[in-house]
Amino acid sequence: MKILSDFSKDVRQPLHTSGGYQWWYFDGVSSDDRFSFVVIIYEGNPFSTRYNRALLADKNPSPVDYPAISISIYEHGQPIYYSFTEFDKSDCHFDEEQPLVKIGNHKMEGRIKDKQLQYELQLSEQLPNGDQLNGTIAFKSQNSGDLFKNLDKTSTGHTWNLVQPRADISADLDLDIKGEEKSITFKGQGYHDQNAGDEPMKNEFDDWYWGRFHFDYATLVYYVMNRRDEQQHRAWLINGQNAEVLKTFEEVELADKGLTLFGLKTARKLGFRSGDIEIRVQQSQLLDNGPFYQRYKSDAFLKIPDQQVIESMKGITEYIRPNRIYTKLFWPFVNMRIWFKREGSHWVQRSQKLYRWTW
């Protein structure tokens, strides 16, 4: 994996090989822990059954033909809005010079202003079930520069660009659910990264855990990637004020593994240790539970004895097993989730209740 922390490279990547992908990931939690959200913009949607069917048939599909956006908004850990929409490439613009994406009526733009990184998500859509979303989410943070200047820059494969490990967020959203209007305004802490690869994820790793927690002391960012011949893991405590790595964790433990309804065997507990500093993560509340992907509202506990620091915090964590994406048995479930506008909508997507609870 190639690890970056570079705002200038948070743009459309020039390589667009068949099986490749890139996505821009944003999440956040309100200060009172009431609301949380995840927004992901894709070029080369790795979950697209259209894309994967073409890959399995050796049709050499290009990722530029499979753009998509997924939006999830939660209140008290329950989904109040969900969408996953694929577009024609003619409806999208992915800029190679600046952090700018236009996808349907949505827009993502990043810039440096007054020595701050500032991103804005403009969201606007109406779903087949009648649900509507309009509004903006803003991210502001210090420019982290190169957090990982001591890491090997010649690595190849999957690229992970940690652009905003910790950002102040403000959201102003208008929802129309079941004909009832609901306005949501909140502030909190958020996160943004970009990922890219030039081959299907299943070729590079077996499974992958990742997450982030915004403690008062610092932000924990981690990933645990299990490959066929090794486990690659990284975890850092990052100062949110001046954007510097305070501690790198070398010891990582996965525990309490169990099978899900779809047969995924995942760890519910993760541990990170460096000397006397210890962090325990409990993947507590399932937000999204699919055949190859899980999202949790999780609890983390930080302990630094010599500084008398003991904190607990909630955050968003995730897990993926990419080889299962190509299991055709699961494709009917995926087709319920992803709405490709040109081909019309699945009957589940027209249901007020079922679409938000497909899995």
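Quick rundown of the values:
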read-out: Hits in segment 239-272 - residues which are within 16 Å of ILE304 (Cβ to Cβ) and modelled with pLDDT of 95 or more; value: GLY271, PHE272
read-out: Condition check for THR136: surrounded by fewer than 17 Cβ atoms within 10 Å (Cβ to Cβ), β-branched (Val, Ile, Thr) and not in a loop (DSSP other than H, G, I, E, B); value: yes
read-out: Failed condition for ILE184, given (1) more than 21 Å from LEU117 (Cα to Cα); (2) not assigned by TED's automatic domain parsing to the domain that holds ALA54; value: (2)
read-out: Neighbours by Cβ (under 8 Å, 6+ apart or cross-chain): first from segment 107-134, on the phi > 0 side of the Ramachandran plot; second modelled with pLDDT under 95 and of a type outside the set (A, V, I, L, M, F, W, C); value: LYS115/GLN142; LYS115/ASN143; GLY130/LYS178; GLY130/GLY179; GLY130/GLN352
read-out: Verdict on GLU311 being without any contact (Cβ under 8 Å) to a residue 40 or more places away in the chain, of a type outside the set (Gly, Ala, Ser) and either in contact with a Lys or Arg (Cβ under 7 Å, 6 or more places away or on another chain) or over 30 Å from ARG337 (Cβ atoms) (or both); value: no
read-out: Residue in segment 177-218 that is surrounded by the fewest Cβ atoms within 10 Å (Cβ to Cβ), counting only those that are polar (S, T, N, Q) and touching a strand residue (DSSP E or B) at 6+ places or on another chain (Cβ under 6 Å); value: SER183
read-out: Filtered residue count, segment 347-359, keeping only those that are farther than 15 Å from ASP131 by Cβ and surrounded by 13 or more Cβ atoms within 10 Å (Cβ to Cβ); value: 1
read-out: Unmet criterion (only one of (1) under 30 Å from ASP168 (Cα atoms); (2) part of a loop (DSSP other than H, G, I, E, B); (3) not acidic (Asp, Glu)) for LYS59; value: (1)
read-out: Residue check for GLN98: over 26 Å from MET336 (Cβ atoms), assigned by TED's automatic domain parsing to the domain that holds ARG350 and touching a Gly at 6+ places or on another chain (Cβ under 8 Å); value: yes
read-out: Subset of segment 90-114 [modelled with pLDDT of 95 or more, charged (D, E, K, R) and either farther than 23 Å from LEU15 by Cα or not in a loop (DSSP other than H, G, I, E, B) (or both)]; value: ASP91, LYS102, LYS107, GLU109, ARG111
read-out: Criterion (crowded, with 17+ Cβ neighbours inside 10 Å, of a type in the set (Gly, Ala, Ser) and either under 29 Å from ASN129 (Cα atoms) or in contact (Cβ under 8 Å) with a residue 60 or more places away in the chain (or both)) met by exactly one of SER90, SER18, SER31, SER5; value: SER5
read-out: Filtered residues of segment 219-262 (kept if on the phi > 0 side of the Ramachandran plot and surrounded by 14 or more Cβ atoms within 10 Å (Cβ to Cβ)); value: ALA243
read-out: Long-range neighbours under 6 Å by Cβ, at least six apart or interchain, first residue within 20 Å of SER8 (Cβ to Cβ) within segment 191-210, second among the charged types (D, E, K, R) and in a strand (DSSP E or B); value: TYR191/ASP27; TYR191/ARG212
read-out: Among (1) among the polar types (S, T, N, Q); (2) within 30 Å of ILE277 (Cα to Cα); (3) free of Cβ contacts under 8 Å to residues at least 40 places away in the same chain, the one test that THR317 misses; value: (3)
read-out: Qualifying residue in segment 181-196 (condition: more than 24 Å from MET313 (Cα to Cα) and in contact with a Gly (Cβ under 7 Å, 6 or more places away or on another chain)); value: no
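The values are calculated or read from the model by the stated rules, or taken from the named source; none is laboratory data. Because the structure is predicted, anything quoted here is derived from the model rather than measured. Note: ideal-geometry Cβ built from the backbone for every residue, glycine included; neighbour counts use all protein chains shown.
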